[in-house]
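> Encoded as structure tokens, here's the structure I'll be asking about.
Read the figures in this text as sums done on the coordinates, not as results from a lab. Predicted model, so just to flag it, every value in this text is computed and none were measured. Note: ideal-geometry Cβ built from the backbone for every residue, glycine included; neighbour counts use all protein chains shown.
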Amino acid sequence: RAKGAGRNRLACFDSQLAAEAEERQRLEGELRLALERGEFELFYQPQVDTDNQAQVMEALLRWRSPSRGLVSPAVFIPVLEDTRLILEASRWVFRQACRQALSWRRQGYNWRIAINLSPLDFHQPDLADTLIGILDEEGTPAELLELELTESALLEADDMVQETLRRLKDAGLPLFLDDFGTGYASLTYLQQFRFDGIKIDRQFVAELPDNPRSVALVRGILTMAVQLGLEVVAEGVENERQAAFLRLNGCHRLQGFHFARPQRAADCVRLAVHA
Ligand code: C2E
Ligand code: MG
Ligand code: MG
Ligand code: MG
């Protein structure tokens, strides 16, 4: 009896795995089509300065699937990465952001756009050529953009990655280290690479200002960053107490639901008009 139950559980487990594998294949297929059919969209979330003025808009990718609705990047980015489709997606995001930055500037909004790149992007020898090529084609000045990369992009940073980062910087694209403090060697990377700024991960912001450990960590990060001449952005700011603490301690830019959720480009403009 007990054995039978065990076998049943195993069979059940097997069919669950099979179902997951099948769903995964379906998702891959749909994502391939989504790229061809133009089902991706960019949402934008502002980063405000100490006067609450939007300075930078972070482009955040969304998939508007005909069958699944609006899908979060947490679901599809890992699949795009496994299939290397992310390389094509990143180029699309970058070109789209170039156009949007120009369009906003024509409308009188001087917002820069921050673009997230995948670790896989940085392991392509032609990344710098590709991005600089798109800037040229679109006629977008590099100073209208910023690039965000996570530590995982630097894990096996060989000479090629170093060279790519140097060329992107020389082209005028500022580099920001995203999710700062959550990796294994954040300080090593600050020592090795010439970043323009860091984004303090929202796990450190979440318990400000009540948790004394968060307070000490964020103050420490800010002191260090200022001494290194780095611009500091705090992500995940959800209330005014967090915002006040961060401003008081010299954080340059704040981003989070307290100010605005990621939204479509047209809604960003509406928001600015009402501000
Ligand atoms: P990220 O770059 O660290 O982006 C911040 C994430 O935090 C966004 O989630 C944003 O919506 C969310 N967020 C912003 N403010 C708050 C807040 O106050 N509270 C909370 N709880 N969350 C907040 P999203 O848009 O789901 O993106 C998740 C991640 O997906 C991004 O993390 C980024 O790593 C990746 N991603 C998004 N767009 C792209 C893209 O175009 N290319 C690549 N390679 N990755 C992307
Ligand atoms: Mg980011
Ligand atoms: Mg981040
Ligand atoms: Mg994050």
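> Could you size up the charge dipole of the chain around its Cα centre, putting +1 on the beta carbon of Lys and Arg and -1 on that of Asp and Glu, and report it in debye to the nearest 20? Mind dumping the intermediate values first?
Values: 32 positive and 41 negative charges, 192 e Å.
Roughly 920 debye for the chain.
> Sticking with this structure for a sec: Distance between the C-alpha centers of region 228-252 and region 35-90? Whole Å please.
The two parts, judged by their Cα centres, are 24 Å apart.
> Okay, helix-only estimate at 222 nm for the chain: each DSSP H run of n ≥ 4 adds -39500 (n - 2.57), divide by all residues, round to 500 deg cm²/dmol; what do you get? Show your work: numbers first, answer last.
Details: 11 runs with 141 residues, N = 275.
Value at 222 nm, helices only, nearest 500: -16000 deg cm²/dmol.
> How big is the dipole moment of region 118-253 about its Cα centre under a simple scheme where the beta carbon of each Lys and Arg is +1, that of each Asp and Glu is -1, and everything else is neutral? Debye, nearest 20, please.
Charge dipole, region 118-253, about its Cα centre: 860 debye, nearest 20.
> Which ³J(HN,Hα) values, rounded to whole Hz and listed in residue order, are derived for region 111-117 from phi using the Karplus coefficients 6.51, -1.76 and 1.60 in 6.51 cos²θ - 1.76 cosθ + 1.60 with θ = phi - 60°, glycine and proline given as x?
My calculation for region 111-117 gives 9, 7, 10, 9, 10, 8, 10 Hz in order.
> Hey, in the GNM for the chain with a 10 angstrom Cα cutoff, which one of Gly256, Gly236, Gly220 fluctuates hardest?
Greatest mean-square fluctuation among the candidates belongs to Gly220.
> Starting at the first residue of region 188-195, write each ³J(HN,Hα) from the Karplus equation 6.51 cos²θ - 1.76 cosθ + 1.60 with θ = phi - 60°, in whole Hz, x for Gly and Pro.
Karplus values, whole Hz, x for Gly and Pro: 4, 5, 5, 5, 7, 10, 8, 6.
> For Ile113, what residues show an amide H to amide H distance below 5 Å, using hydrogens built from the backbone and excluding near sequence neighbours?
Here Met57, Leu145, Glu146 satisfy the definition.
> Over region 1-158, what is the mean sequence separation of C-alpha contacts under 8 Å (at least six apart), divided by residue count, expressed as relative contact order in percent?
Result for region 1-158 is 18 percent.
> Here is a follow-up. Starting from region 204-275, pick out the chymotrypsin sites (Phe, Trp or Tyr not before Pro) whose DSSP state is loop and whose Cβ has at most 14 other Cβ atoms within 10 Å. Write out the running numbers ahead of the final one.
Working: sites: Phe204, Phe245, Phe257, Phe259; in loops: Phe257, Phe259.
The qualifying sites are Phe257.
> Mind listing which chymotrypsin sites (Phe, Trp or Tyr not before Pro) in region 65-111 are in a DSSP loop and have 16 or fewer other Cβ atoms within 10 Å? The partial results should precede the final answer.
Working: sites: Phe76, Trp92, Phe94, Trp104, Tyr109, Trp111; in loops: Tyr109, Trp111.
For chymotrypsin sites (Phe, Trp or Tyr not before Pro) across region 65-111 that sit outside H, G, I, E and B with at most 16 neighbouring Cβ atoms in 10 Å, the list reads Tyr109.
> Hey, what's the per residue convex hull volume over the C-alpha atoms of the chain, in cubic angstrom?
Once divided by residue count, the hull of the chain is 177 Å³.
> Within the set of other residues whose C-beta is less than 12 Å from the C-beta of Glu39, count the net charge using Lys and Arg as +1 and Asp and Glu as -1. Could you put the intermediate results ahead of the total?
Values: positive: Arg32, Arg37, Arg62, Arg64, Arg68; negative: Glu30, Glu36, Glu41.
My count for the surroundings of Glu39 gives +2.
> Rg and Dmax of region 104-183, Cα atoms, in Å?
13.3, 42
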